[in-house]
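K.L.:
Structure in structure tokens, see below.
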Amino acid sequence: MKITKAESFILHVPITPPITDAINVATHWGVTGVRIETDEGIVGYGYTGTTAKGDEMIADTIDRYYAPALIGKNPYNVKQIWDELRFGPMHWIGRSGIAHMALAAVDIALWDIMSKAAGKPLWQYLGGHKPDKIKAYNTNGGWLNWSKDQLIKDITGILDQGFTAVKMKVGKPDPREDFDRVQAVRRAIGDDVGLMIDVNQQWNITTAMTWGKKLEQFDLIWLEEPLNPDDISGHRKLADELNVPIALGEHVYNKYAFRDYITQGAVEYVQVDVTRVAGITEWLQVAGLAAAHDLPVCPHVGDMGQIHQHLVAATQNAIMLEYIPWIKHIFEEPINVVNGFYTLPQQPGASTTIIPRYFEEYRVR
Ligand SMILES: [Mg+2]
């Protein structure tokens, strides 16, 4: 099989109503990626996820540097292609960030092609571990811009849909308000529901230590991204001192950075995101690294779950997957969460094929 055409796309999918966490205001989710055609008629789609900003730089990287190098290549040589692109012209300016997110899109499209050609959903192509369903936790109710009443209404509504674990945002300017909101949610949902909180990097080490200790009483599954994602030693101190596990990974770009977090004991739930590291090829390496340290993997869904559902289903130490429903309607085989569990895709491929109508309707480039 040979690649005959590779072209970038940028879709902006509306989020209604707009949401905020501690650092982002999001009105659209950016689905920025590449559509790859082959001489056997199989078409692969891969993409990364953005807050609908910076997409054009990712698309430029694909069109100018990656697409020309793909033409004539055999998609089955995905790891050779990955090496060639990573150590190609973009290596000088980016081994993370824009270049890596562009490489993620290409790599995902290649795995989509391979599993389509094999006639298998990606999770089977990779080797299945959870063949029936995977546990979901819901993030789409705990937004920071919700009033306390709205927050509790949304989160209890999520439980009514069958979820048994929920995540809420914290990181208000006054941590006392965060404490008050977490306390109110814990009271509303009772002791049996799993609760995670996400700081989105808003605290410094002092705030994190002080308020992390106060929040221990609410029996949290994890404390997510308390600090700047480059501060490995700060996270290690928190992991050592707090009785709340530290979760992070959505802003960690490659296996080397994960190696440092993991070997230094600075992360306890590994939230590696296939759209942030350079695709499925590198995601599997990070998951293996975590497995060798007996750490659970719970991916952040920059892809909103389409690809990660396959990866979690095929990975022994991946225990749970985030659920956010913003973009699922654009895919031919959308994620399907019933009673708090993802049911697994059955169609061949990585569940990344976009319905032509939405490919046109949301396309900005
Ligand atoms: Mg997060």
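The values are calculated or read from the model by the stated rules, or taken from the named source; none is laboratory data. Computed from a predicted structure; not experimentally measured. Note that each Cβ is placed from the backbone with ideal geometry, even for glycine, and that neighbours are counted across all protein chains shown. Accessible surface is based on the protein model in full, side chains and every heavy atom, while ligands, DNA and RNA are left aside. Shrake-Rupley method; radii C 1.70, N 1.55, O 1.52, S 1.80 Å.
K.L.:
Taking only protein heavy atoms into account and a 1.4 Å probe, give the accessible area per residue of the range 124-343 in Å².
P.N.:
Details: 8090 Å² over 220 residues.
Result: 37 Å² of accessible area for each residue.
K.L.:
What nm value, rounded to one decimal, do you get for the distance between ALA118 and GLU56 when each label is placed 7 Å out toward the C-beta?
P.N.:
3.9 nm
K.L.:
Along Cα→Cβ, 7 Å out, is where each label goes; now give me the distance between the ones at ARG187 and GLU360 in nm to one decimal.
P.N.:
For the pair ARG187/GLU360, the computed spacing is 5.4 nm.
K.L.:
To make sure I understand the rule: partners must be lysines, Cα under 26 Å from the Cα of LYS133, and not fewer than 8 residues away in the same chain. Which ones qualify?
P.N.:
Cα-Cα hits under 26 Å: LYS116, LYS120, LYS167, LYS328.
K.L.:
May I have the convex hull volume per residue, in Å³, for the Cα set of the range 124-343?
P.N.:
Numbers: hull volume 25.4 nm³, N = 220.
Per-residue hull volume (Cα only) is 116 Å³.
K.L.:
Within a Cβ distance under 14 Å of ILE98, other residues only, what is the Lys/Arg minus Asp/Glu net charge?
P.N.:
Values: positive: LYS53, ARG64, ARG86, ARG95, ARG276; negative: ASP55, GLU56, ASP60, ASP63.
Cβ neighbours under 14 Å give a net charge of +1.
K.L.:
Follow-up. Of GLY119, GLY302, PRO89, whose Cα points farthest to the positive end of the dipole of the chain (charges on the beta-carbon: +1 Lys, Arg; -1 Asp, Glu; origin at the Cα centre)?
P.N.:
Farthest towards the positive end: GLY119.
K.L.:
A further question on this structure: Which shape class, rounded, prolate or oblate, goes with the range 26-117 when its Cα gyration tensor gives a ≥ b ≥ c as root eigenvalues, a/c under 1.5 marks rounded, and past that a/b bigger than b/c marks prolate?
P.N.:
Values: a/c = 2.14, a/b = 1.28, b/c = 1.67.
Oblate, because a/c is 1.5 or more while a/b does not exceed b/c.
K.L.:
By how many nm would the segment from LYS213 to VAL25 grow when fully extended, if each residue of separation counts as 0.36 nm and the alpha-carbon distance is taken off? Spell out each step's value before the answer.
P.N.:
Working: separation 188, 0.36 × 188 = 67.68 nm, distance 2.85 nm.
Taking 0.36 nm per residue and subtracting the Cα distance, the gain is 64.8 nm.
K.L.:
Can I ask one more? Over the range 124-343, with every protein chain in place, what whole percent of the accessible area is carbon and sulfur at 1.4 Å, could you tell me?
P.N.:
Values: 3650 of 8090 Å².
The C+S portion of the solvent-accessible surface of the range 124-343 is 45 percent.
K.L.:
Can you check what the net charge comes to around GLN217, using other residues whose Cβ is under 13 Å from the Cβ of GLN217 (Lys, Arg +1; Asp, Glu -1)? Mind dumping the intermediate values first?
P.N.:
Numbers: positive: ARG186, ARG187, LYS213, LYS214; negative: ASP191, GLU216, ASP219.
Local net charge: +1.
K.L.:
Something else now. Roughly how many nanometres apart are two label points built 7 Å out from the Cα toward the Cβ at ASN145 and ASP294?
P.N.:
For the pair ASN145/ASP294, the computed spacing is 4.4 nm.
K.L.:
Between LEU103, LEU248, LEU151, find the one with the highest GNM mean-square fluctuation for the chain; connect C-alpha pairs within less than 10 Å.
P.N.:
Maximum among the listed residues: LEU151.
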